[in-house]
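K.L.:
Below you will find the structure I want to go over with you.
The values are calculated or read from the model by the stated rules, or taken from the named source; none is laboratory data. Treat the numbers as computed from the prediction; the structure is a model and nothing was measured. Methodologically, a virtual Cβ is constructed for each residue, glycine included, from the backbone with ideal geometry; neighbour enumeration extends over all protein chains shown. Accessible surface is based on the protein model in full, side chains and every heavy atom, while ligands, DNA and RNA are left aside. Shrake-Rupley method; radii C 1.70, N 1.55, O 1.52, S 1.80 Å.
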Amino acid sequence: MTATAKKFGRVPSAVARLATSPELLNGFLKLSAIFESTTLTALEREVLIMTVAARNECHLCVAMHTATLTRLSAAPELVAALRAESPLPEPRLEALRGFVHAVMDTKGEVPAGALTAFTGAGYTERNALEVVLGIGTYTLSTYANRLTRAPLDEAFAEHAWHAA
């Protein structure tokens with residue numbers, strides 16, 4: 001939980017709820033740390049996380065990762081598009097967002113054209129597998145947060161989000 005507290009400046013209530021299953025929390029924290037070490041940039045990882053969070057309608061995750069994007073000085077148009085589940089203004093990041101959706105839509109059986117579009121935007125086959133890691137990690141988180149009905153911490157209130 002130390003890494004989580006360092007990242008967000010505190011231990012979010014969602015993390016405290018996940019701690020009721022030390023195995024789940026430990027698994028998520030380990031997977032999250034591994035995902036942080038991938039070759040995807042910090043911004044690309046956050047695009048993936050926000051795509052999964054919005055798709056899975058995790059209000060808490062969207063708010064928390066909006067705060068992270070703000071700390072990364074992400075363009076407001078990018079953040080707004082991610083929150084609205086709209087096409088992204090930067091083509092490379094939109095290719096990533098589209099690939100995340102393709103992986104989720106097909107349960108990993110991505111059509112060749114979708115993989116070609118992803119690699120055509122400058123990503124690698126290694127990045128494609130890192131996307132699978134990110135989806136798995138943050139699907140775990142979003143499902144657990146929804147299951148525990150984790151409330152939005154006051155620290156993230158300014159970034160509150162509700163599914164459309």
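K.L.:
Here are some conditions: (1) within 16 Å of the chain's Cα centre (by Cα); (2) exposed (fewer than 13 other Cβ atoms within 10 Å of the Cβ); (3) of a type in the set (A, V, I, L, M, F, W, C); (4) more than 29 Å from ASN26 (Cα to Cα). ALA164 meets all but one. Which one does it not meet?
P.N.:
Answer for ALA164: the failing condition is (1).
K.L.:
Among the numbered conditions (1) open to solvent by 30 Å² or more (accessible area, probe 1.4 Å); (2) more than 17 Å from LEU43 (Cα to Cα); (3) in contact with a helix residue (DSSP H, G or I) (Cβ under 7 Å, 6 or more places away or on another chain), tell me where GLU85 comes up short.
P.N.:
Going through (1) open to solvent by 30 Å² or more (accessible area, probe 1.4 Å); (2) more than 17 Å from LEU43 (Cα to Cα); (3) in contact with a helix residue (DSSP H, G or I) (Cβ under 7 Å, 6 or more places away or on another chain) one by one, GLU85 breaks only (2).
K.L.:
Given the options GLU109, GLU77, GLU158, name the one that is modelled with pLDDT of 95 or more, in a helix (DSSP H, G or I) and over 15 Å from the mean Cα position of the chain (by Cα).
P.N.:
Numbers: GLU109 fails: in a helix (DSSP H, G or I); GLU158 fails: modelled with pLDDT of 95 or more.
Only one candidate qualifies: GLU77.
K.L.:
Moving on. Does the range 134-155 hold any residues that are open to solvent by 50 Å² or more (accessible area, probe 1.4 Å) and either in contact (Cβ under 8 Å) with a residue 40 or more places away in the chain or part of a loop (DSSP other than H, G, I, E, B) (or both), and which are they? Working first, answer last.
P.N.:
The initial filter retains those residues of the range 134-155 that are open to solvent by 50 Å² or more (accessible area, probe 1.4 Å), namely 140, 143, 146-147, 149, 151-152, 154-155.
Result: LEU140, TYR143, ARG146, ARG149, PRO151, LEU152, ALA155.
K.L.:
Residues of the range 19-60 being assigned to a helix (DSSP H, G or I), open to solvent by 10 Å² or more (accessible area, probe 1.4 Å) and hydrophobic (A, V, I, L, M, F, W, C), which ones?
P.N.:
LEU24, LEU25, PHE28, LEU29, LEU31, ALA33, ILE34, ALA42, LEU43
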